[in-house]
Structure formats: C-alpha cells, structure tokens
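Notes follow once the structure below has been shown.
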Amino acid sequence: MSSEQRAEVDAILRAPQPVPRDLAEMRAAFAARQAMSVVPEAVGTSETVLGTRRALVVEPAEQQARGTILYFHGGAWALGSPETSLSLTAHLVSRSRSRAFSLDYRLAPENPFPAAIHDGVDAYRALLDDGVDPAHIAFAGDSAGGGLAVTTVMQARERGLPVPAAVVAFSPCLDLTLSSVSMSAKEGIDPIFTRERLRPFVAMYGPGADVRQPLLSPAVSGDLTGFPPMLLQAGSHEVLLDDSVVAATRAVSAGVDVLLDVTAGVPHVFQNFVGLLDEADQALDRAALFLRQHVGAVPA
C-alpha cells in the first residue's frame, strides 16, 4: 500500500475542473475523464444488441472465454456509456478470462427509473435465450452501475428468471435515501461526492419516486433472499461506503454468501486508477479471482 500513490490520486480528484453548463457538457467531461483510464491490450472489442440496447462486447484476445459478464457502467444513472467503463470491463475480462457484454442502458433524465433496470433484465433474458447458462453469467458494475447489477438481479428474480452465478459491484450506489452514516462521516474526506452533489442525480433518476423502495435502495429495504454470491468492493474514503457495508449485512441476514472488500485510504471506484494505484490492481485481481471461482472461467 503506497501513501504516495493514494495522495496523488486524491490530488488528481481534487484538482479544480471547469464547471459544466449543462448535462451535455457534464456527459462530455465525464467521458473525457474516463478515457484517461488504462485499457489492457489483451482484449478485443465488437458490438452487438441485447434486447433492444447496444452492448460493447469485450473478449480475451487470444483465449477462449468460458464465463460471461453482463456489465453496467457507472455515471450516476445520467452519464457514461460502455466506453467510459471500458478500462474496468477490460481488466475484468483479461484477468478473469471471461467475456463481457457492457450494456448501453438508457440514461436519466430522458429515461428515468426503472428504464435502466428493464434494459438490464431484457439484456439478461437475451443472453439466456441465446443459450448462455446462467451458472456461467455474472453481473458486474461500478457506482450507479454496481447498484444496477444488484437491482437487475432483484427484478430478474421477480420475473421468474434464474439468478446469475455471481454479482461483483465496485462502490455500488445502493441507498438513494442518502442518509447513511458514511454520507455524513466521509464528507470532505471523499474527494468526489457529497450528499448535495448526489441529490440532483437521484432526482433525475427517480423523479417523484419513493427512494426507500427496494429497487432504488436495496441496502435499506431490498429482499436479497436467493441472491447469488456477491463481492462488494469499496474505499474507506467515500460517502457511499455504507451502501456496501449495510447491503452486505442485509445479504448475510438473507443467507447470501457475500464478500465485503473495503480498501483503506482510497476513494470511490478507485479501481479506475489501475496502473497508478497498487490497490486498484490488487482489487481487480481479487475481483477476477471471485469471477473465476463462480462463473467457471478458465483457471489461472
């Protein structure tokens, strides 16, 4: 663990940035920032359609993939695309030797809750209809996408679909009440988010909705009974820390196998700093091991 590396990452995230004038500029700035993340060379990409939505297919370049990841990108439900999470997706693919379908789900505010969840279920159904064994499928995602990985399992279960084999979530958003202890305790320590910064995104995603309902706040009210094994990774320096902590406790109470993996001194979705932050590489290695153990990918 390198204090110098962690300090460098913190300084990068706290550096002054131009204030976007509107959502279009915010989306462009997010895409530009995410494009700086390292993408491994040992993958190939192509495009397909799952359900009615575009998906970016990311596969090992020189090996046959045996596991399948349905990936949900981050971006506070209103920003991002499969391309903005390509680094995370590609590192999971190259390290786990699975293939990934990164879903271009509909964004808020143009398509608010529950559109993204419906897109996820439709994409999962398309994989099943194509003959992919659910025992070899994992859902994964970062930030808002990590939350969608969880809520899509809930909705798929309600529709009578088999649950996937595993869930991997990086700094997932699982409590849209924004009322957790860490939401206040980590204010100022978190270099990215505050409650006030998150509120507009919650309003765009679930306008007028009861944010305590299970599909918006599964850490607060979700029934996780029957869930597959879960890996929840978070950093100790993020206001969303308790989203993972409380969800893990809820999963244990429901009889679910869960790994709560908290790394000290790092921020929200610190895995984006792979190649710069040792903890990012180590966390991705642990996530890949979890996937290999649960979706039947080629062993290391």
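The residues of segment 237-258 that are touching a strand residue (DSSP E or B) at 6+ places or on another chain (Cβ under 7 Å) and not in a loop (DSSP other than H, G, I, E, B), listed by number, are Leu241, Ser244, Val245, Ala247, Ala248, Ala251, Val252, Val258. Here is a check on your reading of the model: is Ala234 more than 26 Å from His136 (Cα to Cα) and outside any loop (DSSP other than H, G, I, E, B)? In short, no. In this entry, Ser85 is excluded by the filter for residues that are of a type outside the set (A, V, I, L, M) and modelled with pLDDT under 95.
Going by what's in this entry, would Ala209 be described as of a type in the set (Gly, Ala, Ser), crowded, with 21+ Cβ neighbours inside 10 Å and not in a helix (DSSP H, G or I)? Taking the combined requirement at face value, the residue does not satisfy it.
Yes or no, residue by residue, for (1) at pLDDT below 95; (2) on the phi < 0 side of the Ramachandran plot; (3) open to solvent by 40 Å² or more (accessible area, probe 1.4 Å):
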| residue | (1), (2), (3) |
| --- | --- |
| Asp223 | no, yes, yes |
| Asp243 | no, yes, no |
| Ala248 | no, yes, no |
| Val252 | no, yes, yes |
| Val262 | no, yes, yes |
| Val266 | no, yes, no |
| Asp285 | no, yes, yes |
| Val295 | yes, yes, no |
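I'd like the full set of residues that are among the β-branched types (Val, Ile, Thr) and either under 25 Å from Ala78 (Cα atoms) or open to solvent by less than 10 Å² (accessible area, probe 1.4 Å) (or both), limited to segment 127-162.
Pass one, segment 127-162, residues among the β-branched types (Val, Ile, Thr): 132, 137, 150-153.
Passing the criteria: Ile137, Val150, Thr151, Thr152, Val153.
The values are calculated or read from the model by the stated rules, or taken from the named source; none is laboratory data. Fair warning: this is a prediction, and the values are worked out from it, not measured in the lab. Cβ: placed from backbone, ideal geometry, glycine included. Neighbour counts: every protein chain shown. To get the accessible areas, we keep the full protein, side chains included, count just its heavy atoms, and leave off ligands, DNA and RNA. Shrake-Rupley method; radii C 1.70, N 1.55, O 1.52, S 1.80 Å.
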